[in-house]
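Just below is one structure, and these are the notes that go with it.
The values are calculated or read from the model by the stated rules, or taken from the named source; none is laboratory data. None of these values were measured; they are calculated from a predicted model. Please note: Cβ atoms are built from the backbone with ideal geometry, for glycine as well, and neighbour counts cover all protein chains shown.
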Amino acid sequence: MSLKTAEDMRWHDTERLGEDDKKILRHPSDALAWKTFDERHRDFALDPRSVRLGLASDGFNPYRLMNTTYSTWPVMLIPYNLPPWLCMKPSSFILSTLIPGKPSPGNDIDVYLQPLVHELKLLWTGVEAFDAFEGKKFNLRAALLWTINDFPGYAMLSGLSTKGYNECPICIDSTPSDRFGNKICYCSYRKWLPSDHPYRIQGEKFCEKYGTNERGKAPSRPSGTDILSEQEKVEYVYGKSKAPQKKRQRGDNDNNDVQHESAFGTKRSIFFDLVYWEHNLLRHNLDVMHIEKNVSKNILGTLLSMDKSRDSRDDRKALEKWRIKPHLWLSTNPNGSEYMPPASYSMSTEEKERFLNVLQKLKVPDGYGSNLSSCVNMKQKKLINLKSHDNHVLMQDILPVALRASNSTKLIDLLAGLSSFFKRLCSTTIDPDDLDDLQDGIILTLCKLEIEFPPSFFTIMVHLLIHLVEEVKLGGPVRYRWMYPIERYLSHLKSYVTNKAQPEGSIAEGFLLEETIRFCSRYLEGVKTIFNIPTRMDDEISNSNDYLFNTGGRVVGKEVTIRLDDKSLKQAHRYVLLHSDAIKGDMDEFLMEKPQMNSQSSATESDESNWIINEFGGWLQNKVHCIDATTEDEKLRKSLAGGLYCYGRKLKGFIINGFKFLSMDRDCRLLTQNYGIMVEADGEAYFGKVMDIYELNYYRAYKVVLFRCNWVDIHRGVRTYPNGDVCVNFSKLMHTGRLLQDDPFIFSSQAKQVFYIEDEIQIGWLHVVKNKPRDLFDLGDSLPVEVEGEAILDTFKLDWSKKCWRKASSELDDYAVGNSAKFYPFYQGITTS
């Protein structure tokens, strides 16, 4: 282990936050499972070098499309001691076991895991290791916290059953399930409501057989001890799952070939051989990636009547047998044919066309997601070839907005609530105080869905939503416990397969070679390696100190030297002056002199604003010869007083703070949308489009990057829906920028990215979707950073070496946009860089 890695392995202990920020869930070390483990095993927790591991496994086909029956199962370990920007990266994964195909190991996976479990036992007692950071030997210990896997893998590793009526591995024998037609459905979400909630006695509205009322209680999560005591009663013979099944003869009662199975599974999990495993609060994680994907497929399939629809003729007939929802029973036409009455979630052909048109016209920012328009099949009125991440962005951002933009269903607000649940659940930072409200919200949302949809809609994946909030409390943010990084890594392992006859050998050799190169690159300086390759949205530049207000970033595309017109030059210069503390004293002096020059006893706020707009720049420029530029502050003051150089660079694109912005004339020819911009100021959000990007300078002493934008009028051109969604209309602008008092400019460092979705009903109105940069980690406000002078703005910029915010908010977030006269009082006191 290199010196740098040895130092990073202490991050969870040495680089943590102050007491006020520790309660926020940002890392698994903030969650209850980690803290409870430390309290129970204090000797283990005393040494910050003790390693906490997660185990991930899944099967994949190394031959891609050449052979669809082959399945290789890698088993990877994830060290959670590392900081957030490292622990889920492929460079941190440890490929501990490689289970060969051809068939999946099934429950016999425990046989292959025996060497790994043996090593975990040794690591629990400790092995001698060398600490490269301290330069001495120590006793290295490690413990396994939990496993990460999809739902079939959950059953293989836990020994619990994930099939049949007891399919939920949390509820187990208390799983609320019933047979609905030829399907098993999982309803009865009213069990989780308070005992006095009115929904409990309104059985006729819900998916309860014969419309019965609900008086039961929600099942509790079983402890590891409970599961172990039940699984020890199960008899399982390893190797039986590999034997070919014999056809049973009538009257054959041979029990030797029948594996005993209980509600608690088919075998005792091998992980219970670890002395601490039964006391871990969270042993196996429900995979949010696959749950979200399957819920999205349920919704889209039912709304668009696709192949995956959960509303068929057989389901309508089953409703009649259950004697519920009579308005959805099959009806008969006058000619004697049966038809399905429309439901609240049904979409007409016209509504489907509008909905799919929204998705077909959709453009998203670079790096946000794939091109969803290629998944739209207008002829068959359905979506095709959606990947897991496509369902992710649809479920969290696009689906509720697209439904609202097309006015396609009566359940827009209900589905928007489900979308909000996933978005909040998958946040990188979570306040534990908000989790109870989140749990109450999803329970109520599922109950409302039960009123609208038939029982067939409620598959096991929908049921598992009820348990996800509890797992966040125990394990921390979802991003450390889902399958996205694992699936990407499996795709990378496929690239190692060069010898088709020995795929596992190819994978092992490729992994060892890459590990060797990665380790050696830790010791190389001044050479491009896997650790210092710029990211896609990296804005790091060598001369960042030359830019005011941290506006420096990476230029994209063509640069053109231009001469700005006088009006634009004055607008840009005024915007810089109003945000600079370096000339605050000069502004106060100007406002004191001006009434005396006009023989006025006092001046109104409007008078002061007009003087600053029209006269302050010229007045300050006349004083430039009086400024002594001996100190850095005075040098900056003199440069600002001298004014902007009339020549500058016009840029096509610019990357800053993890966002890529393109000007309108460049972006309109692309399949992506990168011109949407938002600035928050004084409690208001201002939405606009980037028209031009300029890099200007104060006679080459200091530089500043400014975006010239069209801003929507917040009073006439913005609509806000009850759930917080926003619509804007760019025919109702705040100003055109043609007048001197107009204020079209903002600093590049102020910009946050949004993208717009056209409304199919209200022509001219666009729905706003906010974007956030990838690999962004909010580490809180209690970090040891300065809060005076330049340090405030230094904390605003993203530190891409660690991929984190060094401070969660900045005074730059509150800069105003629009008309300088209107916002002038707010401009004062902003620190320059």
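Quick grid of which residues meet (1) at pLDDT 90 or above; (2) closer than 29 Å to Met483 by Cα; (3) in a helix (DSSP H, G or I):
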| residue | (1), (2), (3) |
| --- | --- |
| Ile170 | yes, yes, no |
| Arg190 | yes, no, yes |
| Arg200 | yes, no, yes |
| Ser229 | yes, no, yes |
| Lys247 | no, no, no |
| Asp252 | no, no, no |
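Considering the stretch 284-310, the residues that are at pLDDT below 95 and part of a loop (DSSP other than H, G, I, E, B) include one that is surrounded by the fewest Cβ atoms within 10 Å (Cβ to Cβ), namely Asp307.
Results for (1) within 27 Å of Leu696 (Cβ to Cβ); (2) within 29 Å of the chain's Cα centre (by Cα), shown as yes or no for each residue.
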| site | (1), (2) |
| --- | --- |
| Gly505 | no, no |
| Cys520 | no, no |
| Gly526 | no, no |
| Thr529 | no, yes |
| Thr535 | no, yes |
| Asp538 | yes, yes |
| Ile541 | yes, yes |
| Asp546 | yes, no |
| Asn550 | yes, yes |
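Listed by position, the helices (runs of 4 or more DSSP H) enclosed by the stretch 559-617 that each have at least 1 residues that are in contact with a Gly (Cβ under 9 Å, 6 or more places away or on another chain) and modelled with pLDDT of 80 or more are 566-577, 584-597. Contact annotation: residue pairs with Cβ atoms under 7 Å, 6 or more positions apart or on different chains, pairing a residue in the stretch 526-555 that is at positive phi and assigned by TED's automatic domain parsing to the domain that holds Tyr699 with a partner that is crowded, with 16+ Cβ neighbours inside 10 Å and modelled with pLDDT of 90 or more, are Phe549/Val704; Phe549/Phe747; Phe549/Ser749; Asn550/Ser749.
Taken over the stretch 701-723, the criterion of being outside any loop (DSSP other than H, G, I, E, B) and either in contact (Cβ under 8 Å) with a residue 24 or more places away in the chain or touching a Ser or Thr at 6+ places or on another chain (Cβ under 7 Å) (or both) is satisfied by Lys703, Val704, Val705, Leu706, Phe707, Arg708, Cys709, Asn710, Trp711, Val712, Val718, Arg719. In this structure, is Lys381 of a type in the set (Lys, Arg), free of Cβ contacts under 8 Å to residues at least 40 places away in the same chain and in contact with a helix residue (DSSP H, G or I) (Cβ under 7 Å, 6 or more places away or on another chain)? So Lys381 fails the test.
On the given criteria, is Ile170 surrounded by 23 or more Cβ atoms within 10 Å (Cβ to Cβ) and touching a residue at least 24 places away in the same chain (Cβ under 8 Å)? It is false that Ile170 is surrounded by 23 or more Cβ atoms within 10 Å (Cβ to Cβ) and touching a residue at least 24 places away in the same chain (Cβ under 8 Å).
Could you say whether any residue in the stretch 783-798 is basic (Lys, Arg) and at pLDDT 70 or above? No, every residue in the stretch 783-798 fails to be basic (Lys, Arg) and at pLDDT 70 or above. Contact map, the stretch 176-188: residues that are at positive phi paired with residues that are in a loop (DSSP other than H, G, I, E, B), Cβ distance under 9 Å, separation 6+ or inter-chain. Pairs shown: Gly181/Ser312; Ser188/Pro176; Ser188/Ser177; Ser188/Phe206; Ser188/Cys207; Ser188/Glu208; Ser188/Glu214; Ser188/Gly216. For Tyr345, the stated conditions hold: it is more than 24 Å from the chain's Cα centre (by Cα) and surrounded by 14 or more Cβ atoms within 10 Å (Cβ to Cβ). Identification of helices (runs of 4 or more DSSP H) wholly contained in the stretch 311-393 with 2 or more residues that are within 20 Å of Thr672 (Cα to Cα) yields 349-361, 388-393.
The residue list Phe730, Phe747 contains one member that is out of contact with any Asp or Glu (no Cβ under 6 Å at 6 or more places or on another chain), closer than 23 Å to Tyr647 by Cβ and in the same structural domain as Lys772 (by TED's automatic domain parsing), which is Phe747. Give me the pairs: first residue in the stretch 104-120 and under 17 Å from Ala56 (Cβ atoms), second residue polar (S, T, N, Q) and part of a loop (DSSP other than H, G, I, E, B), beta-carbon distance under 9 Å, and six or more apart or on different chains, which are they? Listed by first residue and then by second, the contacts come to Ser104/Ser71; Pro105/Ser71; Asp110/Ser269.
Would you confirm whether any residue within the stretch 430-438 is touching a Pro at 6+ places or on another chain (Cβ under 9 Å) and over 30 Å from Leu319 (Cα atoms)? Looking through the stretch 430-438, at least one residue is touching a Pro at 6+ places or on another chain (Cβ under 9 Å) and over 30 Å from Leu319 (Cα atoms).
Residue by residue, here is whether (1) outside any helix (DSSP H, G or I); (2) among the hydroxyl-bearing types (Ser, Thr, Tyr); (3) over 17 Å from the mean Cα position of the chain (by Cα) holds:
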{"residue": "Ala402", "(1), (2), (3)": "no, no, yes"}
{"residue": "Ser408", "(1), (2), (3)": "yes, yes, yes"}
{"residue": "Asp413", "(1), (2), (3)": "no, no, yes"}
{"residue": "Ser420", "(1), (2), (3)": "no, yes, no"}
{"residue": "Arg424", "(1), (2), (3)": "no, no, no"}
{"residue": "Gly441", "(1), (2), (3)": "no, no, yes"}
{"residue": "Leu446", "(1), (2), (3)": "no, no, yes"}
